[in-house]
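Working notes, structure below.
The values are calculated or read from the model by the stated rules, or taken from the named source; none is laboratory data. Remember, it's a predicted structure, so these values are computed and weren't measured experimentally. So basically every Cβ, Gly included, is an ideal-geometry build from the backbone, and we count neighbours across all protein chains shown. Remember, those area values only see protein heavy atoms, side chains included, never the ligands or the DNA or RNA. Shrake-Rupley method; radii C 1.70, N 1.55, O 1.52, S 1.80 Å.
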Amino acid sequence: MQEVRFHGRAGQGILTASRLFAQAAVMDGKYAQAFPEFGPERLGAPVTAFARIDDAPIEIRSQVYSPNAVAVFEDSLLTSVPVMRGLVQKGLFVVNTPQASNSLKRMGEEAGVSVFVLDASKMAMDLVGTPTVSTIMLGALANVSGLVSADSLETVVRQRFRGNLGEVNAKMIRIGFKEVHQS
């Protein structure tokens, strides 16, 4: 079983992103779960969501404690939230950041994980004029993890967001898939 933890802020679509990722896995013929961890947070407060993906039915119903991958939708969370907590050795760490820093690279080396970065905020601003990064980050996560296909992600996004909004989000998935790179 592969487990993924998503970190972002309330209002960034973290729960929706985890659900879309799980739905794409189901479309790829796998079993999946997606669920949030939050209370009465206000807009902008740190939030966490999770996804589990497996080739067999998933019976566990607990929080994810040792994720295989972590996606951070906003780099300001790197210093305010323990985003690396529990990430397994040789895990994947995907961060939306304008540039790969030495401290981010060092964090990855110390944890024994692969760090991947992309400036999803800039890409979203260039494409839609708002820093809506969730589908760009999903494309990046799909690329580095191989847990879901970009085609399935595009399909579930088009189902969730009809018309032009679905097409724009499908394009954002492809951009994230293409632009992510190792730090």
Chain lengthening between residue 165 and residue 65 when straightened (0.36 nm per residue, less Cα-Cα): 32.6 nm
How much accessible area does residue 14 have with a 1.4 Å probe, in Å² rounded to the nearest 10? 10
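Ordering 9, 162 from largest to smallest accessible area (1.4 angstrom probe), what's the sequence?
162, 9
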Run through all the Cα pairs of the range 88-148 and give the fraction in each 5 Å bin from 0, expressed as whole percent. 4, 19, 24, 22, 18, 10, 3, 1
Name the residue, out of 56, 71, 142, whose mean-square fluctuation peaks in a Gaussian network model built on the chain with Cα pairs under 10 Å. 56
D (Stokes-Einstein, µm²/s), Kirkwood Cα radius, the range 16-71, 0.890 mPa s at 25 °C: 200
The chain: most fluctuating residue of 108, 44, 13 per GNM, C-alpha cutoff 10 Å: 44
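Computed FRET efficiency, Cβ-Cβ of residue 178 and residue 101, R0 22 Å: what is it to the nearest 0.05? It would help to have the intermediate numbers written out before the result.
Values: r = 22 Å, r/R0 = 1.01.
Efficiency, rounded to the nearest 0.05: 0.50.
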Surface accessible to a 1.4 Å probe, residue 149 within the full protein complex, Å²: 40
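How high is the FRET efficiency between residue 90 and residue 38 when r is their beta carbon distance and R₀ equals 22 Å, given to the nearest 0.05?
Using R0 = 22 Å, I get an efficiency of 0.15.
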If you count only protein heavy atoms and use a 1.4 Å probe, how large is the accessible surface of residue 27, to the nearest 10 Å²? 90
Between the DSSP loop rule and a limit of at most 14 other Cβ atoms within 10 Å, which GluC sites (Glu not before Pro) in the range 1-80 are left? 41, 59
Assuming a ≥ b ≥ c are the square roots of the Cα gyration tensor eigenvalues, decide whether the range 105-183 counts as rounded (a/c under 1.5), prolate (otherwise, with a/b larger than b/c) or oblate. oblate
May I ask for the distance between the Cα centers of the range 114-183 and the range 56-113, given as a whole number of Å? 18
Kirkwood-based Rg to Rh ratio, the chain, C-alpha trace: 0.93
May I have the count of lysine pairs in the chain with C-alpha atoms under 27 Å apart, counting pairs 8 or more residues apart or located on different chains? 9
